[in-house]
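Some notes on the structure that comes next.
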Amino acid sequence: MGSGANATDSRTAEPIFSIIVPVYNTERTLPACLDSILAQTFADIEVVCVDDGSPDAAADVLATYASRDPRMRVLRQPNAGLSAARNAGMRAACGRYLVFVDSDDTIEPILCERVLQAFESDEAVDAVTFGAVCEPERLASARIRMLLSPVDTVYRRFDPALLFSAHAQPYACRVALCASFVRRWGLTFDESLRFAEDVPFLFTVYPLARTTVLISDKLYRYRMQEGSLTHDFNERSSCERKLAQHLDVLGSIFREWEVRGVRPSCAPEMVTWCLDFTLFDIVRASGRCAASSVRRLAAMLEHAFGPNWVELPAHPAVRCAACAVAAADGDALRVSRIGLVRFFVATRGLAACIERVLGR
């Protein structure tokens, strides 16, 4: 159990699933979330709710549900953020398998049943990733809808597709993990990140997992809110803040890989992904911010992949963008508009680029 967290009971029996629910300022959506969890067709679960110092009446909601169902466990801690709440839930979890559900989302009744089938398909399965839908769907881009739609696949060792093309991310809430795998590697969410903390977590999980199973079932319902942090970051006025956060995410990934000795065979894809993750906002940032960001990005890529990192991407348009980043040397990025168009068409495809330009 995490420091500063107090559970309302002392259950020690090992359920099959621990469903970890970080709770902060979601008293209105929390009942629907908990109802969907407690309605699972597979009943051998515990629900580990972490009240992250929520300022609203979420604590009362949690107390009411805990009084009704002994499978509920409630931990409380001073506000420390989503990652800290998830980490506290993982430390307290007693289950064989871990599932993450955010307190403004819901899950399908068959989630645990389907995920258990996937885990039991092979004794080496460490991670199971499933599909999700956005609510309301109109707020989700075609790209996000596509990313949340994996195809039934079994990866018996790490494959770069898990990170870059198999629709296995984003969102840690669509990944169930074997608890022994989490403990063996000491996996945690980076508590220094306040945005996109899922990304470094999954970039660590997939390279380390012995077997990863993707299932196409849409088992998670992600509530999209126009005022949420994710959507605020998509506004032009906040692109510099978003850019700084994205660079922090890259730094977190590379630190995790270095500490754990992870050297996945995906350097060309990773360089391409890092550029795609940052360039759109670098070109929109102010001169000083753009210059410092380019310098930081180039330094991380050179440290991770050596001085010849610019030669790694296979596509010519991506190599041109990489060369522009390397050549900036503290100055603002100098790349033509047509060069940027070619880069984003190469990394995302023409349809996705048109969608982004149109703001859909």
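Go through ARG334, ARG284 for me and flag whichever is farther than 22 Å from PRO160 by Cβ, open to solvent by less than 80 Å² (accessible area, probe 1.4 Å), of a type outside the set (A, V, I, L, M, F, W, C) and part of a loop (DSSP other than H, G, I, E, B). Let's see the steps before the verdict.
Working: ARG334 fails: open to solvent by less than 80 Å² (accessible area, probe 1.4 Å).
Going through ARG334, ARG284 in turn, just one is farther than 22 Å from PRO160 by Cβ, open to solvent by less than 80 Å² (accessible area, probe 1.4 Å), of a type outside the set (A, V, I, L, M, F, W, C) and part of a loop (DSSP other than H, G, I, E, B): ARG284.
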> Does CYS178 satisfy the criteria of being under 19 Å from CYS33 (Cβ atoms) and either of a type in the set (Asp, Glu) or open to solvent by less than 70 Å² (accessible area, probe 1.4 Å) (or both)?
Replying inline: no
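Can you confirm whether region 57-66 contains a residue that is open to solvent by 20 Å² or more (accessible area, probe 1.4 Å) and in a loop (DSSP other than H, G, I, E, B)?
Taking region 57-66 as the starting set, the residues that turn out to be open to solvent by 20 Å² or more (accessible area, probe 1.4 Å) are 57, 59-61, 63-66.
Keeping just the survivors that are in a loop (DSSP other than H, G, I, E, B) gives 57.
Yes, there is a match, as at least one residue in region 57-66 is open to solvent by 20 Å² or more (accessible area, probe 1.4 Å) and in a loop (DSSP other than H, G, I, E, B).
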>> Every residue in region 17-56 that is buried (at least 20 other Cβ atoms within 10 Å of the Cβ), among the small types (Gly, Ala, Ser) and touching a residue at least 40 places away in the same chain (Cβ under 8 Å), please.
In response: SER18
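Where residues in region 287-301 are within 24 Å of PRO264 (Cβ to Cβ) and touching a residue at least 24 places away in the same chain (Cβ under 8 Å), which of them is most open to solvent (accessible area, probe 1.4 Å)?
Applying the filter and picking the extreme gives ARG296.
Determine, yes or no, whether LEU187 is open to solvent by less than 20 Å² (accessible area, probe 1.4 Å), more than 14 Å from VAL128 (Cα to Cα) and over 12 Å from the mean Cα position of the chain (by Cα). Step through it out loud before you land on a result.
On the way: open to solvent by less than 20 Å² (accessible area, probe 1.4 Å): yes; more than 14 Å from VAL128 (Cα to Cα): yes; over 12 Å from the mean Cα position of the chain (by Cα): yes.
It is true that LEU187 is open to solvent by less than 20 Å² (accessible area, probe 1.4 Å), more than 14 Å from VAL128 (Cα to Cα) and over 12 Å from the mean Cα position of the chain (by Cα).
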> Between residues in region 202-230 that are at pLDDT 95 or above and residues that are of a type in the set (Gly, Ala, Ser) and open to solvent by 10 Å² or more (accessible area, probe 1.4 Å), which pairs lie under 8 Å by C-beta distance while being six or more apart or on different chains?
Replying inline: ARG210/ALA124; THR211/ALA124; VAL213/SER121; LEU214/ALA166; SER216/SER149; LYS218/SER149; ARG221/SER36
> Got a sec? Which of ASP69, ASP105 is in contact (Cβ under 8 Å) with a residue 12 or more places away in the chain and buried (at least 19 other Cβ atoms within 10 Å of the Cβ)?
Replying inline: ASP105
>> What's the number of the only condition in (1) assigned to a loop (DSSP other than H, G, I, E, B); (2) at pLDDT 95 or above that PHE195 fails to meet?
In response: (2)
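The values are calculated or read from the model by the stated rules, or taken from the named source; none is laboratory data. Keep in mind that this is a model prediction, so the values were computed, not measured. Virtual Cβ from ideal backbone geometry, glycine too; neighbours counted across all protein chains shown. These area figures cover heavy atoms from the full protein model, side chains too; ligands, DNA and RNA do not enter into them. Shrake-Rupley method; radii C 1.70, N 1.55, O 1.52, S 1.80 Å.
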